[in-house]
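Read the structure below first, then the notes.
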Amino acid sequence: MADLLKLLLRVAEKAANVARVCRKEAPLFQLLVQEKTGVDKNKKFVQDFKTLADVVIQEMIRHDVGAQFPEMIDHIQGEESNKFENGLGESVIVTVCGMEKETAALLATVLDGDQTAATLLASAIHQDAELTLADTGTDDLYIPLSPSDLGIWIDPIDATSQYIEGREESAEEGRLCPSGLQCALVLIGVYLRATGEPVMGVINQPFNHKDPTGWKGKHFWGVSCGTVKACSVLRPKDRPVETTAAGGPGLSVVMSSSEKQAVKEALAPLCGPDRLMYASGAGYKILCVILGLADVYVLSEGSTFKWDSCGPHALLRALGGGMVDLKECLRSSGSSHCEGGHQDQGELTYHQPHTESSGVDHWANQGGLVAYLDCQMLHRVIGELKGKF
């Protein structure tokens, strides 16, 4: 299954290229934005946006993976409905066709006959990714998995609001970027259909840095399957920790600026100076933990979904960490322990919907979450939050 990982790296890079193409023409980009409504609306945001780029990327990944691994086609799920409404009020089912010309013709119906834009998008969709797989470290990787046992979650553009606003933020070396295009990520996660365990993840950051020729991306990957643990990112080194007013070493925690005040107040004593941080995008906040820019990511609400967390979760597990259901851990009586580097209970899984919920809430991480690399830091966070909200 190393071939699947290589394919996902390629399609994620193709996806990143589509995202960059769609940002090149700002007036065109504004025409692509549509509000989500009804059961597809994410409750967290006053306005949550669906873009044609989202739909195109998702369907491109589904098409390319299904072509190479047809036994997986019925188990590839994503954030977006592939039904798009054009300016004439016509509903169009967006798919990727076998030929570039056919895809362009379909996209032209979405773009109200704009052949130039449709051709540009179709070219990006059908173009092979410029990715040197020899540099990814996947050549000698053996992954004991069968495609018939796997499912895939896709988040075509996580942090869509940051992608739409398009702010170009900068961050100091070793510090996270609180908002802006850098927070927009392509997320692909692979899980075991029988257990829901995340086993493979790919993260592509289309807007990692800018040079004179434009935006350049960066990719990250991880595999966690039994004894096989491999990741493109080295586990962050143990860092010197500051001492808090309470006398213990300080943690760095990243969260949403809209997090409950009770959670912020409960965690503040655990954090040293400037170590309670805020950033946009669930995927980006998890990436900050993966890269060692934060020790933990805490979210108390059920406002993330399986497509947000599956891919990054696999990278965390590959590095010895994990991601747990916050409310389940808070309800747990007695002390839990780490097993094989992971928390022994409450780890998120990806195969079962919440049947009592409707719309996107079928697949919400309803109990909130904590992403971590070090179990001891997770336990300190859970200990501080118990009984506080």
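The values are calculated or read from the model by the stated rules, or taken from the named source; none is laboratory data. Please read these numbers as outputs of a predicted model, since none were measured by experiment. Cβ atoms come from the backbone with ideal geometry, glycine included; neighbour counts cover every protein chain shown. The protein model used for the area step is the full one, side chains on, heavy atoms only, and it has no ligands, DNA or RNA in it. Shrake-Rupley method; radii C 1.70, N 1.55, O 1.52, S 1.80 Å.
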Between a first residue in the range 369-389 that is modelled with pLDDT under 90 and a second residue that is open to solvent by 50 Å² or more (accessible area, probe 1.4 Å), which pairs have beta carbons less than 8 Å apart while being 6 or more apart in sequence or on different chains?
-> Lys388/Glu265; Phe389/Lys260
Listed by first then second residue, the pairs whose first member lies in the range 137-152 and is farther than 14 Å from Val223 by Cβ, whose partner is of a type in the set (Asp, Glu) and open to solvent by 30 Å² or more (accessible area, probe 1.4 Å), with beta carbons under 6 Å and at least 6 positions apart or on separate chains, are Pro147/Glu71; Ser148/Glu71
Meets criteria (at pLDDT below 95, in contact with a Cys (Cβ under 9 Å, 6 or more places away or on another chain) and assigned to a strand (DSSP E or B)) for Ser224 = no
Tell me which residues, restricted to the range 98-115, are buried (at least 20 other Cβ atoms within 10 Å of the Cβ) and either touching a residue at least 24 places away in the same chain (Cβ under 8 Å) or at positive phi (or both).
-> Leu107, Val110, Leu111
Report, ordered by the first and then the second residue, all pairs with beta carbons closer than 6 Å, sequence separation of six or more or different chains, a first member in the range 311-331 that is over 12 Å from Gly368 (Cβ atoms), and a second member that is open to solvent by less than 30 Å² (accessible area, probe 1.4 Å) and part of a helix (DSSP H, G or I).
-> Pro312/Gly283; Pro312/Ile286; Leu315/Ile290; Gly322/Leu316
Determine whether Met72 is modelled with pLDDT of 90 or more, surrounded by 13 or more Cβ atoms within 10 Å (Cβ to Cβ) and touching a Lys or Arg at 6+ places or on another chain (Cβ under 8 Å).
-> no
Which of the residues spanning the range 262-314 are in contact with an Asp or Glu (Cβ under 8 Å, 6 or more places away or on another chain) and among the small types (Gly, Ala, Ser)?
-> Ala266, Gly272, Gly281, Ala282, Gly283, Ser300, Gly302, Gly311
